[in-house]
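Working notes, structure below.
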Amino acid sequence: MLKTFPIAVRYFLVIISFVLSNHAAFSQSLVRKFDITIGGNGSEYPKKLIRTINHNFIIVAPSSSDTSFFKSEHNRDTSFSTYDYWVVCFDSSGSILWEHTFGGIGNDIPTTVIELSGGGFLIGGYSDSPVSGEKSESCRGNIDFWLLRISATGQLIWDKTWGGNSFDQLSDIAVSATGEIFVVGTTLSGLSGDKTSPSYGNFDFVMAVFNLNGQLMFDKTYGSTLNDNCYGIAYNGSGGFLLAGLSDSPAGFTKSQNARGLNDFWMVKIDSTGKKLWDMTQGGTAEDYGYACRYKDGYYYVGGDSYSPAGLDKTAANKGACDYWVIKVKDAGIKMWDKAYGGSDVDELRQIDFTSNGKLLLGGSSYSPANNDKTESNLGVEQIWLVVADTGGNKLFDKTFFSPGHDEDGLVVEMNTGTYIGAVNSSCSTGGYKTQDSLGMGDVWICGLSPMVSGVEDLTFENQVRVYPNPIVDGVVTVESIDPFEWIELFSSDNKLLLHRINTSNSVSVQFLLDKIKPGIYFLKIGIGEYTSTKKIVVVGK
């Protein structure tokens with residue numbers, strides 16, 4: 001039986017945990033609140049993470065898994081060699097509320113999700129699937145935009161395929177105040193298929209606009225003679241949009257300024273009809289990749305990766321080989337400042353958001369040790385790295401999400417004021433803040449951080465609860481915890497409550513007889529005070 005540790009032993013373990021995690025006093029003293037590893041028997045990697053209006057979270061990830069572990073629906077390709085859209089909704093304790101798979105028999109890669117003010121979500125990505133599964137239209141070219149509207153519980157309302165005769169890859173979505181859906185990405189297609197605007201160079205920025213029923217309204221292409229790749233769009237709330245990405249093109253066609261280095265940030269401001277109002281090129285002498293943009297209070301914030309030293313448009317000196325680079329631009333097209341954030345190695349920005357008190361929240365991944373702007377060294381090769389700055393670009397604090405793995409393309413959003421949630425692809429075992437081994441070839445690791453209480457990091461809650469045996473063969477399962485738990489609930493894989501028990505005996509060990517439960521995957525939720533632990537269990541026949 002799992003024993004309760006004496007107080008002295010608990011404090012010794014707490015001190016060891018505190019020293020190993022190397023929390024700096026000025027890193028906001030954030031510690032692990034929960035973590036969960038989700039996925040199936042294949043591979044999943046998160047592409048976008050958002051907080052919903054009702055304070056839940058949506059994550060979209062390509063998935064090659066069949067029905068297994070946390071994935072309740074089949075891969076749409078029976079060979080399991082291709083990817084589908086996987087959409088997961090979970091709450092602030094990491095409990096999954098619902099998850100759904102969408103796809104055809106080809107590769108379907110989700111890249112973004114946005115919540116609609118009237119309820120439900122838009123999921124965007126790209127696809128090479130023919131009509132099959134949830135895909136109702138055939139491909140126009142090699143790869144097309146694939147846009148889905150789903151309900152608040154993940155039910156498909158409609159899907160829309162859009163593209164020309166070659167390559168059209170959707171990256172981001174914005175919705176206007178009047179309900180028009182602005183979908184942006186990168187195109188190699190000329191005037192063909194659904195595409196009514198001509199191409200300019202190799203890759204171009206492309207935008208398709210739909211109404212809320214999925215009907216195409218118009219499309220526009222922006223670019224010059226070489227490569228212009230669009231990765232983000234931000235809406236200013238009053239009819240204006242900023243498209244942002246990267247470019248190595250000279251001035252020409254819709255691009256008014258020459259390239260600075262090998263690649264630059266390129267921004268294009270448009271009105272609601274797609275008319276270009278201004279464009280801006282920003283870069284140094286080397287590689288600068290624009291990946292994300294957001295709007296707040298009259299300003300656009302555009303961010304990505306920079307390998308350039310200070311020079312040309314870049315006023316901020318690099319801290320390492322590659323840094324987070326953020327540019328603040330007035331709605332009228334006037335640059336306010338640019339800032340670089342990083343350690344001595346490679347730091348890659350993937351997501352810009354805002355905190356509830358209006359601060360900049362930058363999420364990505366870092367290879368750097370503790371130096372320069374980075375206050376904590378990694379446990380693994382690459383880790384999720386969070387930076388919070390004020391709207392003047394001044395760094396307030398940073399935080400590393402510790403795991404023993406190589407965690408690329410980290411995503412971070414705020415849970416509540418002062419608490420944060422990160423998500424990343426992970427294939428490593430337990431360690432740091434990660435308390436669960438990987439399930440398949442690569443899973444989604446979700447980790448919530450909250451402020452440290454009383455200046456001491458407590459033992460991780462998930463490690464205080466033990467469920468065994470697992471899998472369950474003879475119908476008997478034991479739940480043990482370090483401290484007495486208050487209640488236990490058993491849920492089916494489709495989130496139906498099967499059992500609820502109050503721990504009236506105040507014990508730390510309880511046995512359940514589940515001999516009447518059919519073989520399958522179930523979830524036990526155990527409540528101790530304000531915390532909830534969710535354990536996946538597998539019931540097998542004798």
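Table for the structure above
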| quantity | calculated |
| --- | --- |
| Residues located in segment 345-370, provided they are more than 21 Å from N263 (Cα to Cα), touching a Gly at 6+ places or on another chain (Cβ under 9 Å) and either aliphatic (A, V, I, L, M) or assigned by TED's automatic domain parsing to the domain that holds G298 (or both) | L360, L362, A370 |
| Residue within segment 307-319 that is assigned to a strand (DSSP E or B), more than 23 Å from K220 (Cβ to Cβ) and assigned by TED's automatic domain parsing to the domain that holds N229 present | yes |
| Residue in segment 270-284 that is assigned to a strand (DSSP E or B) and farther than 21 Å from S199 by Cα present | yes |
| Residue match in segment 18-29 (condition: at pLDDT 50 or above and either of a type outside the set (G, A, S) or out of contact with any helix residue (DSSP H, G or I) (no Cβ under 7 Å at 6 or more places or on another chain) (or both)) | yes |
| Complete set of residues in segment 329-388 that are closer than 30 Å to K276 by Cα, outside any strand (DSSP E or B) and of a type in the set (A, V, I, L, M) | A332, I334 |
| Which numbered condition D128 fails, given (1) free of Cβ contacts under 8 Å to residues at least 24 places away in the same chain; (2) touching a Pro at 6+ places or on another chain (Cβ under 9 Å) | (2) |
| Unique match (being out of contact with any Cys (no Cβ under 7 Å at 6 or more places or on another chain) and either under 22 Å from V183 (Cβ atoms) or among the basic types (K, R) (or both)) among G104, G94 | G104 |
| Selection status of T419, in contact with a Lys or Arg (Cβ under 8 Å, 6 or more places away or on another chain), of a type outside the set (A, V, I, L, M) and closer than 17 Å to G320 by Cβ | no |
| When residues of segment 162-213 are limited to those that are touching a Lys or Arg at 6+ places or on another chain (Cβ under 7 Å) and small (G, A, S), the one surrounded by the fewest Cβ atoms within 10 Å (Cβ to Cβ) | G193 |
| Unique residue being surrounded by 19 or more Cβ atoms within 10 Å (Cβ to Cβ) and either in the same structural domain as C293 (by TED's automatic domain parsing) or within 22 Å of T532 (Cα to Cα) (or both) when the list is I105, I143, I109, I58 | I58 |
| Test: residue in segment 65-81 that is touching a Ser or Thr at 6+ places or on another chain (Cβ under 6 Å), closer than 17 Å to V444 by Cα and either crowded, with 23+ Cβ neighbours inside 10 Å or among the aliphatic types (A, V, I, L, M) (or both) | yes |
| Subset of segment 255-269 [surrounded by fewer than 24 Cβ atoms within 10 Å (Cβ to Cβ) and under 12 Å from A332 (Cα atoms)] | K269 |
| Test result for S151, in contact with an Asp or Glu (Cβ under 6 Å, 6 or more places away or on another chain) and farther than 23 Å from P130 by Cα | no |
| Failed item, numbered, when D398 is tested on (1) out of contact with any Lys or Arg (no Cβ under 7 Å at 6 or more places or on another chain); (2) buried (at least 18 other Cβ atoms within 10 Å of the Cβ); (3) over 16 Å from C322 (Cα atoms); (4) not hydrophobic (A, V, I, L, M, F, W, C) | (1) |
| Lone unmet requirement of (1) under 24 Å from S344 (Cα atoms); (2) surrounded by fewer than 22 Cβ atoms within 10 Å (Cβ to Cβ); (3) not polar (S, T, N, Q) for K296 | (1) |
| Odd one out for V465, checked against (1) closer than 18 Å to K434 by Cα; (2) over 27 Å from the mean Cα position of the chain (by Cα); (3) modelled with pLDDT of 80 or more; (4) of a type in the set (A, V, I, L, M, F, W, C) | (3) |
| Answer residue from segment 371-382, given it is within 16 Å of A321 (Cβ to Cβ) and either of a type outside the set (S, T, N, Q) or crowded, with 24+ Cβ neighbours inside 10 Å (or both) and is modelled with the lowest pLDDT among those | N378 |
| Residues located in segment 311-342, provided they are among the hydrophobic types (A, V, I, L, M, F, W, C) and surrounded by fewer than 20 Cβ atoms within 10 Å (Cβ to Cβ) | L312, A317, A321, A332, I334, M336, W337 |
| Matching option when the condition is over 23 Å from the mean Cα position of the chain (by Cα), assigned by TED's automatic domain parsing to the domain that holds A259, closer than 15 Å to D144 by Cα and modelled with pLDDT of 95 or more, among D219, D228 | D219 |
| So D390, is it charged (D, E, K, R), closer than 30 Å to Y299 by Cα, free of Cβ contacts under 8 Å to residues at least 60 places away in the same chain and in contact with a strand residue (DSSP E or B) (Cβ under 8 Å, 6 or more places away or on another chain) | yes |
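The values are calculated or read from the model by the stated rules, or taken from the named source; none is laboratory data. All figures in this text were calculated on a predicted structure; none of them were measured in a lab. We place every Cβ from the backbone using ideal geometry, glycine too, and count neighbours over all the protein chains shown.
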